[in-house]
Amino acid sequence: MFKFLSKSSTAEGAIASSPADPAQPGRSARQELLATISTFLITHDLDVTPANLSLAYAAFSGADLDLGRRITAREISGEDITQAWLDKQRPADPDEAEAAERAEAEAMMIRLDSSLATFAAATSRAEGATAAYGASLTQEVGRISDPATAGDIVANLVDITRAMIERTRDIEQEMKKSSQEADSLRQSLERARRDAEIDHLTGLPNRRAFEGVLEREYRAAQLDIDLLSVAFCDIDHFKQVNDVHGHETGDRVIQAIGQVLARISDDRCHVARHGGEEFVVLLRGRSVDEAKAILDSAREQLSERRFVNRVTDEAIGRITFSGGVANVFASSDPRDALAAADEALYRAKAEGRNRICIANP
């Protein structure tokens, strides 16, 4: 929804720098979009509310292609587009989405347990059949010393062996099927766990994933007697961007800052979206001064850009972020260090924003 103009001509993915559209074509496109949205709301007797306007804009501007397809399919089929139906198309609340992900993972765990139980039962039946076969063989072999019954015994052994072969074949198929189902469920569960730890707007790890990284790196740094710094970063005046330019533009601002911070990420620097317009960074082997310098460099790169709303051609201006850095081992535990970094962030905001502050010892 927006473009930025910077000193560099390097492309930056979906929000790369590009020349502004001529005024007249841009105005015509906006008029056509407004007419489409108005016609849609009036035709289906929908209220003109911010929520309905937002959904209609997302569908007809191309911001939400799936929603646009669903609306088109419903209109073609002749089904009514009611307020109740439209309400169901709204993006899920993050907490609800997280709960749904947990429920899905739990359901897969139940199916996996069931598959493993079936596999165990098949194994148990195979062991029982093998034991019965062994007992039958032992009994017949005990009788084979009598020449008068030798022919009958051989015939019995052949019948027992045939029955065992058939039973073994059936059990093998059951075990193979159970094993394949268990493997498929394990893979699905692993994908669900990975997805549950990714912020889908930025592609960065989310808060849940970061908590695991913080615990792991904290223990490792303790053992290695290594430095460990943590930082909170928050977009300056983000509410104003949302209020003036809309949530779609706000989302792209978040994505842009996520890209800037992702560039400093490596196996000793972990960046995650903590929620909303806030990011968290964990730096292993870095002092608070070194961490501040790294974040200052990223902050300065971002502040050189100038953002423009691609829908309205209205200048958004400079986008900046503020940050607070704390030494993890200066606190009694990692949670206290996060709180210290958060306090330093608010101090950076109070001192004028677009700066990084170090937490007080």
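Of the residues examined, R273 is one that is of a type in the set (K, R), closer than 26 Å to R347 by Cα, part of a strand (DSSP E or B) and not assigned by TED's automatic domain parsing to the domain that holds Y57. The one condition from (1) in a loop (DSSP other than H, G, I, E, B); (2) closer than 25 Å to R219 by Cβ; (3) under 29 Å from the mean Cα position of the chain (by Cα) that N354 does not meet is (2). A Cβ distance below 7 Å, combined with a sequence gap of six or more or placement on separate chains, defines the contacts here; from region 333-361, residues that are under 17 Å from D289 (Cα atoms) and in contact (Cβ under 8 Å) with a residue 12 or more places away in the chain reach residues that are among the basic types (K, R) and not in a helix (DSSP H, G or I) in the pairs A348/R355.
Here are L214, L261: which of them is touching a helix residue (DSSP H, G or I) at 6+ places or on another chain (Cβ under 8 Å), under 15 Å from A298 (Cα atoms) and part of a helix (DSSP H, G or I)? Don't jump to the end; show me each part of the working.
Working: L214 fails: under 15 Å from A298 (Cα atoms).
One residue alone meets the criteria, L261.
Yes/no matrix, rows are residues, columns are (1) in the same structural domain as H237 (by TED's automatic domain parsing); (2) surrounded by fewer than 20 Cβ atoms within 10 Å (Cβ to Cβ); (3) not in a helix (DSSP H, G or I):
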| site | (1), (2), (3) |
| --- | --- |
| F307 | yes, no, yes |
| V311 | yes, yes, yes |
| I319 | yes, no, yes |
| S332 | yes, yes, yes |
| A337 | yes, no, no |
| A340 | yes, no, no |
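Listed by first and then second residue, the pairs linking a residue in region 242-271 that is farther than 28 Å from R286 by Cα to a residue that is among the small types (G, A, S), with Cβ atoms under 6 Å apart and 6 or more places separating them unless they lie on different chains, are N242/G250; E248/A63.
So for region 219-229 (the condition being exposed (fewer than 15 other Cβ atoms within 10 Å of the Cβ), of a type outside the set (D, E, K, R) and within 27 Å of Y57 (Cβ to Cβ)), does at least one residue qualify? Show your work before the answer.
Here is the first cut: in region 219-229, the residues exposed (fewer than 15 other Cβ atoms within 10 Å of the Cβ) are 219-220, 222-226.
Remaining after also requiring of a type outside the set (D, E, K, R): 220, 222-223, 225.
When the remaining residues are screened for being within 27 Å of Y57 (Cβ to Cβ), the result is none.
Among the residues of region 219-229, not one is exposed (fewer than 15 other Cβ atoms within 10 Å of the Cβ), of a type outside the set (D, E, K, R) and within 27 Å of Y57 (Cβ to Cβ), which makes the answer no.
Consider region 261-294 and keep the residues that are acidic (D, E) and surrounded by 15 or more Cβ atoms within 10 Å (Cβ to Cβ). The one that is farthest from A209 (Cα to Cα) is E277.
Suppose the filter is outside the structural domain of A51 (by TED's automatic domain parsing), surrounded by 20 or more Cβ atoms within 10 Å (Cβ to Cβ) and of a type in the set (S, T, Y); does T249 pass it? When the stated conditions are applied, T249 passes them.
The values are calculated or read from the model by the stated rules, or taken from the named source; none is laboratory data. Keep in mind that what you see is a predicted model, and the values were worked out from it rather than measured. Positions of Cβ are backbone-derived with ideal geometry, glycine not excepted, and every protein chain shown enters the neighbour counts.
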